[in-house]
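One structure is given here, and the rest of the page talks about it.
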Amino acid sequence: MDYAARIDQALQKLHEEGRYRTFIDIERQKGAFPHATWRRTDGTERPVTVWCGNDYLGMGQHPVVLAAMHEAIDATGAGSGGTRNISGTTVYHKRLEAELADLHRKEAALLFTSAYIANDATLSTLPKLFPGLIIYSDELNHASMIEGIRRNGGAKRIFRHNDVAHLREMLEADDPKAPKLIAFESIYSMDGDFGPIEAICDLADEFGALTYIDEVHAVGMYGPRGAGVAERDNLMGRIDIINGTLAKAYGVMGGYIAGTAKMCDAIRSYAPGFIFTTSLPPAVAAGAAASVAHLKTDQALRDAHQTQAKILKTRLKGLGLPLIDHGSHIVPVHVGDPVHCKQLSDMLLEDHGIYVQPINFPTVPRGTERLRFTPSPVHGPREMDALVRALDVLWSHCALNRAELSA
C-alpha cells in the first residue's frame, strides 16, 4: 500500500469539501484580551480581535487566577510528576476538587485533564459498575459523550434532540428492571439551545434512571454561584453526575465530574482514562481553584457577559443576518456552506482583523455550517462596532450572494 498516497487522498477530500481546518497562530496579550497578535505564515504580524474563544469571561487573564498560578509554580515547580495514584496528587488538586464539590453541592468531585476525558472515561466506565446498564443519549451530545458511550460495550439508545416524548417511548420499551442512565447537556454549544433538564429529571424519577449532565458551556456563567443551568433552575440536586470544564468560563484547563463520594470513588478506581493519565500541573489546578472560588461571588461578571451577548444578537438581527438565538450566550450565524463559511472567516481576518473560526462538519451537520461568535465582558463597544460593521459590509457587498448564504 502507498500510505503517503492514502494520506494525500484523505486530506484532499477535506480540501475539496471546503472543510480543511487551518490553525491561526495567535499570541494573546495579557491584560488586553480579546486583542491578540496574529503571526502570519509570511513572518509578518498584525493585530486581531478574537471573537471565537471559549474564555467566556476573560478569566484566563484575571489577576486572581494569575497570582494563584505564580504562587503554585514558585512553590512546586512545573509538572505534577505522575498520575494521581503515583505522586500526582497535591494539595492543589485536592483544593480544586473541594471547590468543585462545593460549587455543585455534591459530596465529591473528581478532576481530569479535560472535560472530554472526563466524559469519555466516566461514560465508558459506568457499565462496569452497573452490568446491563442502558444509556439514553441525546443525538446532539458532544463527541466526548458519544465516544464514551460507544466504547463502553453496553446498550445505548439515541433519542431525538431535546425530544422528551421520544425519550419516554424508549424508556417504556426497555426492561423496567434494567439499570438506566440518561445523558444530555444543559447548553448545546453549536446552536446555544438549552436541554429540558426538569422534564428529563421527571422521566428519570419515573423510570428509575440515573441522570448525567454536561454543563461545560454553562459552568461559571449560569446560576447564582456559577454552577450552571441546573443550579439556575434549582435542579442541581436532581442530577446524579455533573460534568464540567475548567477551560472555558474558568479560563484555565481541565475537566471534572461531581457526584456522590461513592460514585467519584468508583470512577477513580475503575476508569483507565483517570488511572493512567498524568495529573494536571499544580499551577493549573491552583489557577482553576482560584477561578472557581472567585466566580462563586462575581455575579457582576456573569451579568456583563449576558448583556454583551444580548447586545450582539440584537445588532446582528438588526442587520438581517440568519442568527440562531435560543437565549443563551452563544451567537451562531448560519452560513450553510463550508466554502462560503471559510471565505467569510478568511475575509474577516484578512480585511478586518477579526478572528472567528468557521464551524463545519463533523462539528455540525452538513448544510448547517456557521460562524460562531462568543462575546465576553472584555469585548467592549469598540470591538462590537468593528465586528458589526465588518459583517454588514461582507454580507451586503462581498461576492457571495446573500440569499444563498441565508438559504
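The values are calculated or read from the model by the stated rules, or taken from the named source; none is laboratory data. Since this is a predicted model, take the numbers as computed values, not measurements. Glycine gets a Cβ as well: all are built from the backbone with ideal geometry, and neighbour counts include every protein chain shown. The protein model used for the area step is the full one, side chains on, heavy atoms only, and it has no ligands, DNA or RNA in it. Shrake-Rupley method; radii C 1.70, N 1.55, O 1.52, S 1.80 Å.
Before moving on, here are some points about what is shown:
Yes/no matrix, rows are residues, columns are (1) of a type in the set (D, E, K, R); (2) under 30 Å from Asp265 (Cβ atoms); (3) not assigned by the TED database to the domain that holds Gly353:
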{"site": "Ile24", "(1), (2), (3)": "no, no, no"}
{"site": "Glu45", "(1), (2), (3)": "yes, no, no"}
{"site": "Arg95", "(1), (2), (3)": "yes, yes, yes"}
{"site": "Glu107", "(1), (2), (3)": "yes, yes, yes"}
{"site": "Ser114", "(1), (2), (3)": "no, yes, yes"}
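- Contact map, segment 36-52: first residue under 26 Å from Gln308 (Cα atoms), second residue small (Gly, Ala, Ser) and buried (at least 17 other Cβ atoms within 10 Å of the Cβ), Cβ cut-off under 8 Å, separation 6 or more or different chains; pairs are Pro47/Ala36; Val48/Ala36; Thr49/Ala36; Val50/Ala36.
- Taken over segment 33-78, the criterion of being part of a strand (DSSP E or B) and not aliphatic (A, V, I, L, M) is satisfied by His35, Thr37, Trp38, Arg39, Glu45, Arg46, Pro47, Thr49.
- Of all the residues in segment 369-402, those that are over 25 Å from His35 (Cβ atoms) and either modelled with pLDDT of 90 or more or touching a Cys at 6+ places or on another chain (Cβ under 9 Å) (or both) number 1.
- Test for Glu198: is it in contact (Cβ under 8 Å) with a residue 24 or more places away in the chain and either touching a Cys at 6+ places or on another chain (Cβ under 6 Å) or in a helix (DSSP H, G or I) (or both): yes
- Candidate set from segment 364-395 (those that are β-branched (Val, Ile, Thr) and more than 19 Å from His340 (Cα to Cα)); member that is least open to solvent (accessible area, probe 1.4 Å): Thr374
- Test: residue in segment 236-258 that is among the aromatic types (Phe, Trp, Tyr), in a strand (DSSP E or B) and open to solvent by 20 Å² or more (accessible area, probe 1.4 Å): no
Let's see how each residue does on (1) of a type in the set (A, V, I, L, M); (2) touching a Phe, Trp or Tyr at 6+ places or on another chain (Cβ under 9 Å):
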position	(1), (2)
His305	no, yes
Pro332	no, yes
Val339	yes, no
Asp351	no, no
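- Within segment 360-377, being touching a strand residue (DSSP E or B) at 6+ places or on another chain (Cβ under 8 Å) and farther than 18 Å from Arg315 by Cα holds for Val364, Thr368, Glu369.
- Hits in segment 323-362 - residues which are within 16 Å of the chain's Cα centre (by Cα) and surrounded by fewer than 17 Cβ atoms within 10 Å (Cβ to Cβ): Pro362
- Residue check for Gly81: open to solvent by 60 Å² or more (accessible area, probe 1.4 Å) and either part of a loop (DSSP other than H, G, I, E, B) or among the polar types (S, T, N, Q) (or both): yes
- Meets criteria (under 30 Å from Gly192 (Cβ atoms) and open to solvent by 30 Å² or more (accessible area, probe 1.4 Å)) for Leu66: yes
For (1) of a type in the set (Gly, Ala, Ser); (2) open to solvent by 20 Å² or more (accessible area, probe 1.4 Å), each residue gets a yes or a no:
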position: Asp191; (1), (2): no, yes
position: Pro196; (1), (2): no, yes
position: Asp202; (1), (2): no, yes
position: Leu210; (1), (2): no, yes
position: Ile213; (1), (2): no, no
position: Tyr222; (1), (2): no, no
position: Ala227; (1), (2): yes, no
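- Exclusive hit being open to solvent by less than 40 Å² (accessible area, probe 1.4 Å), polar (S, T, N, Q), in contact (Cβ under 8 Å) with a residue 12 or more places away in the chain and in contact with a Pro (Cβ under 9 Å, 6 or more places away or on another chain), set Gln308, Gln299: Gln308
- Candidates Leu123, Leu133, filtered to the one that is at pLDDT 95 or above and in contact with a Pro (Cβ under 7 Å, 6 or more places away or on another chain): Leu133
- Only one of the numbered conditions (1) outside the structural domain of His352 (by the TED database); (2) modelled with pLDDT of 95 or more; (3) open to solvent by less than 30 Å² (accessible area, probe 1.4 Å) is violated by Asn152, and that is (2).
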